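The values are calculated or read from the model by the stated rules, or taken from the named source; none is laboratory data. Because the structure is predicted, anything quoted here is derived from the model rather than measured. Note: ideal-geometry Cβ built from the backbone for every residue, glycine included; neighbour counts use all protein chains shown.
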Amino acid sequence: MIYLRLFTAINFSSNIKEAIYDITDILRQMSQRGNFTLRENYHLTLAFIGEYPSHYAPLRAVNSVQFEPFSLEFDKLGFFKSRDGDICYLAFKQSQELTALRLELCRALTEQGVDFDKKEFKPHLTLARRFISAQGFSADRVNAILPQKEILVDAISLMKSERINGVLKYTEIR
(Lines give C-alpha, C1' and ligand atoms only; values in the text may rest on other atoms or scores of the structure.)
Protein backbone atom coordinates (compact mmCIF):
# COMPACT_ATOMS: atom_id res chain seq x y z
CA MET A 1 0.00 0.00 0.00
CA ILE A 2 1.26 3.46 -0.90
CA TYR A 3 0.86 6.06 1.82
CA LEU A 4 0.54 9.80 1.30
CA ARG A 5 2.35 12.31 3.53
CA LEU A 6 -0.40 14.78 4.42
CA PHE A 7 -0.93 18.00 6.35
CA THR A 8 -3.51 20.77 6.51
CA ALA A 9 -2.48 24.33 5.86
CA ILE A 10 -3.25 27.93 5.14
CA ASN A 11 -1.74 28.83 1.79
CA PHE A 12 -0.68 32.35 0.88
CA SER A 13 -1.30 34.61 -2.08
CA SER A 14 1.56 35.32 -4.46
CA ASN A 15 2.10 38.85 -3.10
CA ILE A 16 2.41 37.51 0.46
CA LYS A 17 4.81 34.81 -0.77
CA GLU A 18 6.86 37.54 -2.46
CA ALA A 19 7.06 39.53 0.81
CA ILE A 20 8.14 36.36 2.67
CA TYR A 21 10.71 35.62 -0.02
CA ASP A 22 12.23 39.08 0.48
CA ILE A 23 12.74 38.24 4.17
CA THR A 24 14.21 34.84 3.25
CA ASP A 25 16.61 36.55 0.85
CA ILE A 26 17.85 38.82 3.65
CA LEU A 27 18.28 35.77 5.91
CA ARG A 28 20.24 34.00 3.18
CA GLN A 29 22.65 36.96 3.06
CA MET A 30 22.99 36.92 6.86
CA SER A 31 23.72 33.19 7.16
CA GLN A 32 26.67 30.87 6.94
CA ARG A 33 24.32 28.18 5.70
CA GLY A 34 20.74 27.01 5.69
CA ASN A 35 18.29 24.85 3.79
CA PHE A 36 15.83 27.58 2.77
CA THR A 37 12.16 26.86 2.07
CA LEU A 38 11.19 27.26 -1.57
CA ARG A 39 8.86 30.20 -2.28
CA GLU A 40 6.15 27.91 -3.68
CA ASN A 41 6.16 25.86 -0.43
CA TYR A 42 5.41 28.75 1.96
CA HIS A 43 2.40 27.88 4.13
CA LEU A 44 1.13 27.79 7.72
CA THR A 45 0.58 24.23 8.92
CA LEU A 46 -2.60 23.79 10.93
CA ALA A 47 -2.36 20.04 11.57
CA PHE A 48 0.31 17.56 10.51
CA ILE A 49 -1.23 14.19 9.62
CA GLY A 50 1.84 12.37 8.34
CA GLU A 51 1.71 9.06 6.48
CA TYR A 52 -1.89 8.19 5.64
CA PRO A 53 -3.35 5.55 3.28
CA SER A 54 -5.85 7.85 1.54
CA HIS A 55 -6.81 11.50 1.20
CA TYR A 56 -10.58 10.92 1.45
CA ALA A 57 -11.21 11.17 5.21
CA PRO A 58 -8.77 14.07 5.75
CA LEU A 59 -10.34 15.95 2.81
CA ARG A 60 -13.85 15.37 4.20
CA ALA A 61 -12.65 16.86 7.50
CA VAL A 62 -11.08 19.91 5.82
CA ASN A 63 -14.16 20.50 3.66
CA SER A 64 -16.48 20.31 6.69
CA VAL A 65 -14.76 23.18 8.51
CA GLN A 66 -16.66 26.45 8.17
CA PHE A 67 -15.37 29.82 9.32
CA GLU A 68 -15.63 33.51 8.61
CA PRO A 69 -12.62 34.97 6.76
CA PHE A 70 -10.12 36.70 9.03
CA SER A 71 -6.68 38.32 8.89
CA LEU A 72 -3.30 37.25 10.22
CA GLU A 73 -0.20 39.37 10.70
CA PHE A 74 3.49 38.55 10.93
CA ASP A 75 4.94 38.81 14.43
CA LYS A 76 8.67 38.09 14.55
CA LEU A 77 11.52 35.85 13.57
CA GLY A 78 12.06 32.86 15.83
CA PHE A 79 14.29 29.82 16.14
CA PHE A 80 13.80 26.23 17.20
CA LYS A 81 17.24 25.14 18.40
CA SER A 82 18.84 22.08 16.85
CA ARG A 83 22.37 20.73 17.11
CA ASP A 84 22.97 20.69 13.33
CA GLY A 85 21.61 24.21 12.78
CA ASP A 86 18.42 25.90 13.87
CA ILE A 87 15.00 25.98 12.30
CA CYS A 88 14.40 29.63 11.50
CA TYR A 89 10.74 30.60 11.31
CA LEU A 90 8.41 33.52 10.97
CA ALA A 91 5.83 33.60 13.79
CA PHE A 92 2.34 35.02 13.47
CA LYS A 93 0.63 37.35 15.94
CA GLN A 94 -1.84 35.72 18.31
CA SER A 95 -5.29 35.38 16.79
CA GLN A 96 -8.48 34.10 18.42
CA GLU A 97 -9.83 33.31 14.96
CA LEU A 98 -6.80 31.17 14.10
CA THR A 99 -7.00 29.32 17.42
CA ALA A 100 -10.73 28.65 16.86
CA LEU A 101 -10.07 27.47 13.29
CA ARG A 102 -7.38 25.07 14.47
CA LEU A 103 -9.66 23.66 17.19
CA GLU A 104 -12.50 23.17 14.71
CA LEU A 105 -10.17 21.46 12.23
CA CYS A 106 -8.83 19.12 14.93
CA ARG A 107 -12.40 18.25 15.94
CA ALA A 108 -13.29 17.50 12.30
CA LEU A 109 -10.20 15.33 11.80
CA THR A 110 -10.97 13.38 14.98
CA GLU A 111 -14.59 12.95 13.87
CA GLN A 112 -13.34 11.44 10.59
CA GLY A 113 -11.00 9.08 12.48
CA VAL A 114 -7.86 10.82 11.17
CA ASP A 115 -4.93 10.82 13.57
CA PHE A 116 -2.67 13.90 13.57
CA ASP A 117 0.21 15.39 15.53
CA LYS A 118 -1.27 16.81 18.74
CA LYS A 119 1.71 18.77 20.02
CA GLU A 120 1.19 22.38 21.07
CA PHE A 121 0.17 24.62 18.17
CA LYS A 122 2.74 27.36 17.54
CA PRO A 123 1.64 29.13 14.34
CA HIS A 124 4.73 29.68 12.23
CA LEU A 125 6.14 29.49 8.73
CA THR A 126 9.47 27.69 8.39
CA LEU A 127 11.95 29.86 6.47
CA ALA A 128 15.07 27.69 6.81
CA ARG A 129 16.27 24.44 8.34
CA ARG A 130 19.85 23.80 9.47
CA PHE A 131 20.26 27.58 9.71
CA ILE A 132 23.57 28.92 11.02
CA SER A 133 23.79 32.69 11.18
CA ALA A 134 26.76 34.70 10.00
CA GLN A 135 28.72 36.88 12.37
CA GLY A 136 26.83 40.09 13.09
CA PHE A 137 23.41 38.50 12.47
CA SER A 138 20.61 40.33 14.26
CA ALA A 139 17.06 38.96 14.47
CA ASP A 140 16.00 42.41 15.71
CA ARG A 141 17.23 43.96 12.45
CA VAL A 142 15.15 41.49 10.46
CA ASN A 143 12.12 42.01 12.73
CA ALA A 144 12.34 45.77 12.18
CA ILE A 145 11.78 45.31 8.44
CA LEU A 146 9.03 42.68 8.52
CA PRO A 147 6.21 43.73 6.21
CA GLN A 148 3.12 44.97 8.03
CA LYS A 149 0.74 43.11 5.77
CA GLU A 150 -2.62 41.67 6.64
CA ILE A 151 -2.91 38.12 5.38
CA LEU A 152 -6.47 37.17 4.46
CA VAL A 153 -7.43 33.67 5.57
CA ASP A 154 -10.49 32.53 3.66
CA ALA A 155 -9.67 28.87 2.99
CA ILE A 156 -7.75 25.93 4.36
CA SER A 157 -6.22 23.14 2.31
CA LEU A 158 -5.26 19.51 2.52
CA MET A 159 -1.69 19.24 1.27
CA LYS A 160 0.48 16.36 0.05
CA SER A 161 4.23 16.45 0.63
CA GLU A 162 6.53 14.52 -1.70
CA ARG A 163 10.02 14.60 -3.13
CA ILE A 164 10.15 14.89 -6.90
CA ASN A 165 13.63 14.57 -8.42
CA GLY A 166 15.09 15.38 -4.99
CA VAL A 167 13.02 18.56 -4.54
CA LEU A 168 10.39 18.83 -1.80
CA LYS A 169 7.02 19.74 -3.32
CA TYR A 170 3.73 20.53 -1.59
CA THR A 171 0.57 19.98 -3.63
CA GLU A 172 -2.97 20.92 -2.69
CA ILE A 173 -5.47 18.04 -2.79
CA ARG A 174 -9.00 19.03 -3.77
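When the stretch 54-89 is examined, which residues are found to be acidic (D, E) and out of contact with any Phe, Trp or Tyr (no Cβ under 9 Å at 6 or more places or on another chain)?
E68, D84
Any residue at all in the stretch 15-31 that is closer than 20 Å to V153 by Cα, at pLDDT below 95 and exposed (fewer than 13 other Cβ atoms within 10 Å of the Cβ)?
The answer is yes, given that some residue of the stretch 15-31 is closer than 20 Å to V153 by Cα, at pLDDT below 95 and exposed (fewer than 13 other Cβ atoms within 10 Å of the Cβ).
Assuming R129 fulfils every condition listed in (1) farther than 19 Å from R39 by Cα; (2) outside any helix (DSSP H, G or I); (3) of a type in the set (K, R) apart from one, which condition is it?
So the condition that R129 fails would be (1).
Being without any contact (Cβ under 8 Å) to a residue 60 or more places away in the chain and either acidic (D, E) or in contact with a Lys or Arg (Cβ under 6 Å, 6 or more places away or on another chain) (or both) is the filter here; which residues of the stretch 122-163 pass it?
Within the stretch 122-163, D140 is the sole residue that qualifies.
So which of L72, L105 ends up being crowded, with 18+ Cβ neighbours inside 10 Å, assigned to a strand (DSSP E or B) and of a type outside the set (V, I, T)?
L72
Suppose we filter Q135, Q94, Q148 for residues that are assigned to a loop (DSSP other than H, G, I, E, B), within 17 Å of the chain's Cα centre (by Cα) and farther than 30 Å from L4 by Cβ; which single one remains?
Unique residue meeting the criteria: Q94.
Pick out the one residue from S71, S64 that is of a type in the set (S, T, N, Q), over 20 Å from M159 (Cβ atoms) and in contact (Cβ under 8 Å) with a residue 12 or more places away in the chain.
Residue meeting the stated conditions: S71.
Could you grab me the full set of residues in the stretch 44-85 that are acidic (D, E), at pLDDT 95 or above and over 24 Å from I151 (Cβ atoms)?
E51
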